[in-house]
Amino acid sequence: MTTAFAATWDYRCPFARNAHEHLLTGQAAGADWQVRYLPFSLGQAHVEEGQPSVWEKPEQDSGIVALQAGVVVRDKFPDRFPAVHRALFEARHDAGLHLEDRSVVERVLADHGVPADTVFARIDDGAALEKVRSEHEEFVASHNVWGVPTFIADDQAVFVRLMNRAPQGADPAASIKAVERVVDLLTGWTDLNEFKHTSIPR
């Protein structure tokens, strides 16, 4: 039976990178998941009281350009989304590139067969920002989402940190096991509120 759930992302978070690599790897291997990929602006989550929001001043946030680009690709070029999604995480965390640099995002799009001019037209006219804002605010309101990656199923939501990556070529069995364990805990054991190691053995 298909498992339906959602997962938030912001390309700046290394733990979002880990979780979304597992999601992409599992789906590419045929995992029976219906995943809703949800943008979440870490910049907006950390705006101080009395300061302008990211929605009002997107130029103040270093992650919002890439986040908008990811949403446009998700919605307009869904067949290219997995590759672009993975590549934007790689640009930030593997190559150390600055995602506020439009040329970095444009290069990722071009490298994966997505017309950058079409994507940036949606960013420049405000449509992409409005889409990010509406989804971000929807799940802040409905599930008290405050960070990434948050997994959401029905009325349950949980913030998760997976320590291992699933880069290109990784064993999909490990990714499928990791994600399904998270979702099983999320939906099947709601008594568990927090389970955190006191130290990281690495």
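The values are calculated or read from the model by the stated rules, or taken from the named source; none is laboratory data. As the structure is a computational prediction, the values presented were derived from the model and not from experiment. Here the Cβ positions follow ideal geometry from the backbone for every residue, glycine too, while neighbour counts run over all protein chains shown. Note: areas computed on protein heavy atoms with side chains; ligands, DNA, RNA excluded. Shrake-Rupley method; radii C 1.70, N 1.55, O 1.52, S 1.80 Å.
Annotations for the structure displayed:
- Here His22 fulfils each of the conditions (1) assigned to a helix (DSSP H, G or I); (2) over 30 Å from Pro172 (Cβ atoms) apart from (2).
- Region 33-77: number of residues that are part of a loop (DSSP other than H, G, I, E, B), within 11 Å of the chain's Cα centre (by Cα) and hydroxyl-bearing (Ser, Thr, Tyr): 1
- Taken together, the criteria exclude Leu129 from residues that are open to solvent by 60 Å² or more (accessible area, probe 1.4 Å), farther than 23 Å from Ala28 by Cβ, in a helix (DSSP H, G or I) and in contact (Cβ under 8 Å) with a residue 24 or more places away in the chain.
- Residue tally, condition open to solvent by 40 Å² or more (accessible area, probe 1.4 Å) and touching an Asp or Glu at 6+ places or on another chain (Cβ under 8 Å), over region 1-48: 4
- The set of residues in region 87-105 that are touching a residue at least 12 places away in the same chain (Cβ under 8 Å) and open to solvent by 70 Å² or more (accessible area, probe 1.4 Å) comprises Arg92, His98, Glu100, Arg102.
- Some residue of region 64-83 being in contact with a Gly (Cβ under 9 Å, 6 or more places away or on another chain), free of Cβ contacts under 8 Å to residues at least 40 places away in the same chain and open to solvent by less than 40 Å² (accessible area, probe 1.4 Å): yes
- Just one of the listed residues (Val119, Val145, Val114, Val108) is of a type in the set (Val, Ile, Thr), free of Cβ contacts under 8 Å to residues at least 60 places away in the same chain and closer than 21 Å to Ala19 by Cα, and it is Val108.
- Within the option set Ala166, Ala173, Ala157, being buried (at least 18 other Cβ atoms within 10 Å of the Cβ) and not in a loop (DSSP other than H, G, I, E, B) holds for one residue only, Ala157.
- Applying the set (1) farther than 19 Å from Val72 by Cα; (2) free of Cβ contacts under 8 Å to residues at least 24 places away in the same chain to Glu137 leaves exactly one unmet item: (1).
- Filtered by the rule that a residue be touching a strand residue (DSSP E or B) at 6+ places or on another chain (Cβ under 7 Å) and either charged (D, E, K, R) or closer than 25 Å to Glu106 by Cα (or both), region 29-69 gives Asp32, Arg36, Tyr37, Leu38, Pro39, Phe40, Leu67.
- Pairs with Cβ under 6 Å, 6+ apart, first in region 183-199 and more than 10 Å from Ala153 (Cβ to Cβ), second open to solvent by 80 Å² or more (accessible area, probe 1.4 Å): none
- Conditions (1) on the phi < 0 side of the Ramachandran plot; (2) out of contact with any His (no Cβ under 6 Å at 6 or more places or on another chain); number of the one not met by Arg17: (2)
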